[in-house]
1. Inspect segment 161-168 for any residue being outside any strand (DSSP E or B), out of contact with any strand residue (DSSP E or B) (no Cβ under 9 Å at 6 or more places or on another chain) and either modelled with pLDDT under 95 or of a type in the set (A, V, I, L, M) (or both) and give the result as yes or no.
2. So which residues in segment 310-319 are crowded, with 17+ Cβ neighbours inside 10 Å and either among the basic types (Lys, Arg) or in a helix (DSSP H, G or I) (or both), if there are any at all?
3. Which condition from (1) within 17 Å of Asp15 (Cβ to Cβ); (2) crowded, with 23+ Cβ neighbours inside 10 Å; (3) small (Gly, Ala, Ser) is the one that Ala306 breaks?
4. Can you report the number of residues in segment 36-80 which are in contact with a strand residue (DSSP E or B) (Cβ under 9 Å, 6 or more places away or on another chain), part of a helix (DSSP H, G or I) and not polar (S, T, N, Q)?
5. Is it the case that Leu121 is outside any helix (DSSP H, G or I) and among the aliphatic types (A, V, I, L, M)?
6. Any chance segment 124-143 includes a residue that's modelled with pLDDT of 95 or more, at positive phi and in the same structural domain as Asp256 (by TED's automatic domain parsing)?
7. Please state which one of Leu363, Leu352, Leu303, Leu327 is of a type in the set (A, V, I, L, M, F, W, C), touching a Phe, Trp or Tyr at 6+ places or on another chain (Cβ under 8 Å) and at pLDDT 95 or above.
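The values are calculated or read from the model by the stated rules, or taken from the named source; none is laboratory data. Predicted model, so just to flag it, every value in this text is computed and none were measured. Here the Cβ is made from the backbone with ideal geometry for all residues, glycine too, and neighbour counts use every protein chain on show.
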Amino acid sequence: MNQPTPYTIAVFPGDGIGPEVMQPCLDIIHTACELAGAAGVKTDHVEAGAVTYQQTGSALPDSALATAKQADAILLAAMGDPAIRYPDGTEITPQLNLRFELGLFAGIRPVRSIPGVKGPLRDPRADALDIVLVRESIEGLFAPEAKGEQFEDSSATETLLITRDVSERLFSKAFQLNAARQKAGRGRNRVTCVDKANVFAAFAFFRKIFDEVAASHTTAQTDYAYVDATALKLMTHPWEFDVMVTENMFGDILSDQAAALVGGMGYAPSADIGDEHAVFQPCHGSAPDIVGQGLANPTAMILSGAMMLDWLGEKHADAAAKNAGQLIVQAVDNAFAPGKLKTCELGGQSGLDDVGKAIKKALTELKI
């Protein structure tokens, strides 16, 4: 019997704590694939980011982009350093270039409570959050073709771009995700369009397209929420949301806010998905202030790896890969549930090695 061919993964360790959190993530991915009887992954490490820019003059070399395009999936840790910037003063963000180059229009930002990890809300309903924000990732205020302009030293403008093509695919992805959650017994079967359609014509257009796509998904409940009201409700009644879909900048802000509800950025995984390619990365940055101190929390990176395996399994009808991703999620829950792990962002002393070893141990103890 032929052994299944491992998936080729382009690995971008990046800057700061990126290489630190990537190592336990890869170790756990390999272990989960072995336990699940999955084909596993073959990694191709790629240099890109702020340090690469400083050394070579390019933050995303052509060779790195070519490797990413050829890979089955892309795993990215963290990129950027506030001390290293482009001549115009902006930070190094090749992760955005990857989204644009590969057409990764749907940013998936799960907001799921982990047993034993306490968020800031005291209501017990906040201890069992399971919502997801779908962020449009290549247009809005980030669209490269709508780059801002400064007029001498007197004013500056930015352009917000919404197109029918990308919005239709974005909303379709949100409804597909909702259907998958329903099939798995998760969520409230509701898709909420978050916008500012009462003020901006671009968002009125955004909502119009949402309604058109929703008409083809009649089994799902739909509603709307203005972004400012959503920000308030996330801090008071987040459990009333299910699948939320929104524009790029709004999604950037709301996903970070929502991450605070489940412990912070160190617990927030993400994916940026297109028609053919996908990048999986933690929502946190490179955290240069804690590099080398063993304080980095690898949980978001590890959960991003689980999302990658799930996506590969879905794309290739590979049940073993999906099972490997589910094993990682269960291991994370089991590792934190006893309440013994408490990372530095929550005032604890559990560091990189503590968390990585605990999740690895919980994974190997799962009954397959």
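1. No, the conditions are met nowhere in segment 161-168.
2. Going residue by residue through segment 310-319, those that are crowded, with 17+ Cβ neighbours inside 10 Å are 310-313, 318.
Those that are crowded, with 17+ Cβ neighbours inside 10 Å and either among the basic types (Lys, Arg) or in a helix (DSSP H, G or I) (or both): Asp310, Trp311, Leu312, Gly313.
3. The number of the failed condition is (1).
4. So the count comes out to 6.
5. Spelling it out, Leu121 is indeed outside any helix (DSSP H, G or I) and among the aliphatic types (A, V, I, L, M).
6. For segment 124-143, residues modelled with pLDDT of 95 or more, at positive phi and in the same structural domain as Asp256 (by TED's automatic domain parsing): present.
7. Leu303
Condition check ((1) buried (at least 17 other Cβ atoms within 10 Å of the Cβ); (2) over 20 Å from Arg181 (Cβ atoms)) across all residues:
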residue: Phe210; (1), (2): yes, no
residue: Thr236; (1), (2): no, yes
residue: Asp242; (1), (2): yes, no
residue: Asn248; (1), (2): yes, yes
residue: Ile253; (1), (2): no, yes
residue: Ala287; (1), (2): yes, yes
residue: Gly292; (1), (2): no, yes
